[in-house]
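Notes follow the structure.
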Amino acid sequence: MAANLSPDRLQTLLEIATEAASAGGAVLKKYWGKLDPGKQIESKGRLGDLVTVADKEAEVAVLDVLRRHVPDHAILAEESGASGIDGSDFLWAIDPLDGTTNYAHQYPFSATSVGLLVDGVPTLGAIYDPFHDELFRAAKGLGATRNRQSMQVSGCDRLADSLLVTGFAYDRREVLDTNYAEFCHLTHCTQGVRRAGAASLDLAYVACGRLDGYWERGLSPWDIAAGIVLVEEAGGLVTSYDKSPLDVKTGRLLVTNGKIHNELSEKLLSIEPLPQFAPIQS
Ligand code: IPD
Ligand code: CA
Ligand code: CA
């Protein structure tokens with residue numbers, strides 16, 4: 001049980017997460033700029049939803065580390081799905097390459113994200129961005145760090161003064177809930193909204209105070225498990241849009257420094273969706 005994990009055990013598991021995220025990041029560096037688009041970048045089906053040889057090999061590298069250190073734990077990894085011991089209280093949620101679209105276009109904003117849920121609760125995580133050599137880590141009760149220095153969320157306390165980030169799920173051409181209306185509305189009433197393209201780093205950037213808030217729908221546990229712990233341990237808040245406790249499986253999250261949480265929640269709940277755009281054939 002999470003409550004029974006000693007600080008020493010948490011620290012040991014955090015070192016394992018770090019080793020795994022670093023191993024994934026090394027693979028991302030290895031293939032950077034070297035992918036053959038015809039052979040090593042494939043579509044997963046939807047327009048813009050790509051997978052590369054780097055995603056797959058980075059996942060193998062992460063799983064190797066976890067299988068060596070914690071063979072009795074369960075794993076949920078983006079490319080290979082569930083493995084390990086079904087029913088374990090410990091579930092590792094892995095995104096070997098978060099920001100695949102960026103990566104495939106050689107836009108250097110991607111990371112390997114390794115999170116651990118204990119009894120369903122995000123408990124620790126490591127996110128490594130090999131392009132900026134930044135390692136973000138946190139564990140419940142042990143604080144959050146960027147390159148091993150303590151980090152905190154920003155002090156911004158008005159939405160009008162904030163810089164936000166968001167993202168758009170790959171199903172955006174199939175649903176009315178596209179997030180396009182929210183993007184327009186919040187661009188209008190803040191200092192700006194970024195669409196950076198890697199959810200794990202969006203969370204890490206809120207945690208280290210570069211951004212004041214983040215919202216997105218349609219995410220998966222591997223996108224957010226590690227980053228949630230970073231934000232919470234850095235003093236921020238992570239909930240659903242309506243401020244109810246986050247269900248990692250719904251992937252609809254509101255993340256802030258805590259100070260603009262009410263204001264951003266109210267705005268998000270008041271925005272009506274835009275009419276659906278005509279579907280685009282991929
Ligand atoms: C995606 C990125 C992106 C977010 C998408 C995610 P991927 O992950 O995190 O920022 O908007 O919803 O699916 O496909 O690059 O691992
Ligand atoms: Ca992802
Ligand atoms: Ca991914």
Filter region 191-217 for residues that are surrounded by fewer than 20 Cβ atoms within 10 Å (Cβ to Cβ) and away from ligand 2 (no atom under 15 Å from the Cβ) and give the result.
-> 191, 192, 194, 209, 210
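Quick one: is residue 135 more than 14 Å from ligand 1 (Cβ to nearest atom), within 22 Å of residue 259 (Cβ to Cβ) and aliphatic (A, V, I, L, M)?
Numbers: more than 14 Å from ligand 1 (Cβ to nearest atom): yes; within 22 Å of residue 259 (Cβ to Cβ): no; aliphatic (A, V, I, L, M): yes.
Against the criterion (more than 14 Å from ligand 1 (Cβ to nearest atom), within 22 Å of residue 259 (Cβ to Cβ) and aliphatic (A, V, I, L, M)), residue 135 does not qualify.
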Lone unmet requirement of (1) among the β-branched types (Val, Ile, Thr); (2) in a helix (DSSP H, G or I); (3) within 15 Å of ligand 1 (Cβ to nearest atom) for residue 229 = (3)
Unique residue being closer than 28 Å to residue 196 by Cβ, surrounded by 18 or more Cβ atoms within 10 Å (Cβ to Cβ) and modelled with pLDDT of 95 or more when the list is 74, 21 = 21
If you go through region 8-35 one residue at a time, how many are β-branched (Val, Ile, Thr) and farther than 21 Å from residue 123 by Cα?
-> 1
Within region 137-148, is even one residue crowded, with 19+ Cβ neighbours inside 10 Å, away from ligand 3 (no atom under 16 Å from the Cβ), farther than 20 Å from residue 100 by Cα and outside the structural domain of residue 96 (by TED's automatic domain parsing)?
-> no
Of the residues in region 193-215, those that are at negative phi and either within 16 Å of ligand 3 (Cβ to nearest atom) or assigned to a strand (DSSP E or B) (or both) number 13
The one condition residue 188 fails out of (1) loosely packed, with under 13 Cβ neighbours inside 10 Å; (2) more than 19 Å from residue 275 (Cβ to Cβ) is (2)
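The values are calculated or read from the model by the stated rules, or taken from the named source; none is laboratory data. As the structure is a prediction and not an experimental result, all values here were calculated from the model. Positions of Cβ are backbone-derived with ideal geometry, glycine not excepted, and every protein chain shown enters the neighbour counts.
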